[in-house]
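The values are calculated or read from the model by the stated rules, or taken from the named source; none is laboratory data. None of the values given here were measured: they were computed from a predicted structure. Using ideal geometry, Cβ is built from the backbone for each residue, glycine included, and neighbour counts are taken over all protein chains shown. Only protein heavy atoms, including side chains, enter the accessible area calculation; ligands, DNA and RNA are left aside. Shrake-Rupley method; radii C 1.70, N 1.55, O 1.52, S 1.80 Å.
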Amino acid sequence: MTSTLRALVLCCTLKSGDAESSSEKLGREVLVALADHDVDGEVVRVADRNVKFGVSTDEGDGDGWPAIRRKVLDSDIVVIATPIWMGQPSAVAKMTLERLDAELSETDDQGRPTMYNKVAVAAVVGNEDGAHHCCAEVMQTLNDVGFTVPAAGGTYWVGEAMQKTDYVDAGPKPETTGAATKTLAANAAHLARLLRDSPYPKS
């Protein structure tokens, strides 16, 4: 079996199209760090995919979630990249987590929840407090639906409150956010490889 793992960044910016996104920037930095550990990946900007509100695997009538879900199922590591709004993960992030709630009713060929043996991490950016809270919300929700969260599974950048400098404009942060991102990537890849080689047993 190849040692290469697969990662998926679900970018939960409120921006669509080609608009510059700090969440996407940090998500892509996570992918760069993961590449050092033989992990390939891609970014999906959820706001561009016509994802409908709901808690099923397919809300019908052009719902964009089933195609994203297939990418999730094909991944070993899932990254939720979200901005902070009013101290909370974005509405797009919360909708994404709600759609993943459907996995509580889905099982693999051994009867385990479909998200077992997958690793989840969080990447958070904003100009206000709330990074730890956002990481906690994301990680707890993903763990509830079956993902495993590694040690130091969150990376974030928070700018000065009520200022206009975004992460895309802040310049390199190798000793803070960059260091956290490298640790996240190393631990996520290590854990994903362990789970791939020794999956959780059937309950």
For this session: Kindly list the number of the only condition in (1) open to solvent by less than 60 Å² (accessible area, probe 1.4 Å); (2) assigned to a helix (DSSP H, G or I); (3) under 24 Å from ASP40 (Cβ atoms) that fails for GLU137.
Result: (3)
For this session: State whether the residues of the range 160-180 include one that is open to solvent by 60 Å² or more (accessible area, probe 1.4 Å), within 17 Å of the chain's Cα centre (by Cα) and under 28 Å from ASP74 (Cα atoms).
Result: no
Exercise. Among LYS202, LYS164, which is modelled with pLDDT under 95, assigned to a loop (DSSP other than H, G, I, E, B) and over 20 Å from SER22 (Cα atoms)?
Worked result: LYS202
Problem set entry | Unique residue being of a type in the set (Ser, Thr, Tyr), at pLDDT 95 or above and more than 30 Å from PRO201 (Cα to Cα) when the list is SER56, SER22, SER75 | SER22
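Let's see how each residue does on (1) of a type in the set (Val, Ile, Thr); (2) at pLDDT 95 or above; (3) touching a Ser or Thr at 6+ places or on another chain (Cβ under 7 Å):
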site	(1), (2), (3)
THR82	yes, yes, yes
VAL119	yes, yes, yes
ALA122	no, yes, no
GLY130	no, no, no
Exercise. Restricting attention to the range 183-197, which residues are within 10 Å of LEU34 (Cβ to Cβ) and either under 15 Å from the mean Cα position of the chain (by Cα) or of a type outside the set (A, V, I, L, M) (or both)?
Worked result: LEU184, ALA185, ALA188, ALA189, ALA192
Seminar exercise, completed: The correct count of residues that are open to solvent by less than 10 Å² (accessible area, probe 1.4 Å) and of a type outside the set (D, E, K, R) in the range 103-125 is 8
Exercise. Among the residues of the range 44-57, is there at least one that is within 20 Å of ALA180 (Cα to Cα) and assigned to a strand (DSSP E or B)?
Worked result: no
For this session: Taking ALA67 as the residue in question, decide whether it is under 30 Å from GLU160 (Cα atoms) and of a type in the set (A, V, I, L, M, F, W, C).
Result: no
Problem set entry | Selection from the range 58-91 of residues that are outside any strand (DSSP E or B), touching a residue at least 12 places away in the same chain (Cβ under 8 Å) and within 17 Å of VAL119 (Cα to Cα) | ILE68, ARG69, LYS71, VAL72, LEU73, ASP74, SER75, ASP76
Seminar exercise, completed: For the range 163-175, pairs from a residue that is touching a residue at least 12 places away in the same chain (Cβ under 8 Å) to a residue that is of a type in the set (Asp, Glu) and open to solvent by 100 Å² or more (accessible area, probe 1.4 Å), with Cβ under 6 Å and 6 or more apart or across chains, are VAL168/GLU20
For this session: Tell me which residues, restricted to the range 20-36, are open to solvent by 60 Å² or more (accessible area, probe 1.4 Å) and in a loop (DSSP other than H, G, I, E, B).
Result: GLU20, ASP36
Exercise. Is it the case that the range 61-70 has a residue that's in contact with a strand residue (DSSP E or B) (Cβ under 7 Å, 6 or more places away or on another chain), at negative phi and open to solvent by less than 60 Å² (accessible area, probe 1.4 Å)?
Worked result: yes
For this session: Could you tell me which residue of the range 12-40 is farthest from GLU137 (Cα to Cα), considering only residues that are in contact (Cβ under 8 Å) with a residue 40 or more places away in the chain and among the small types (Gly, Ala, Ser)?
Result: ALA33
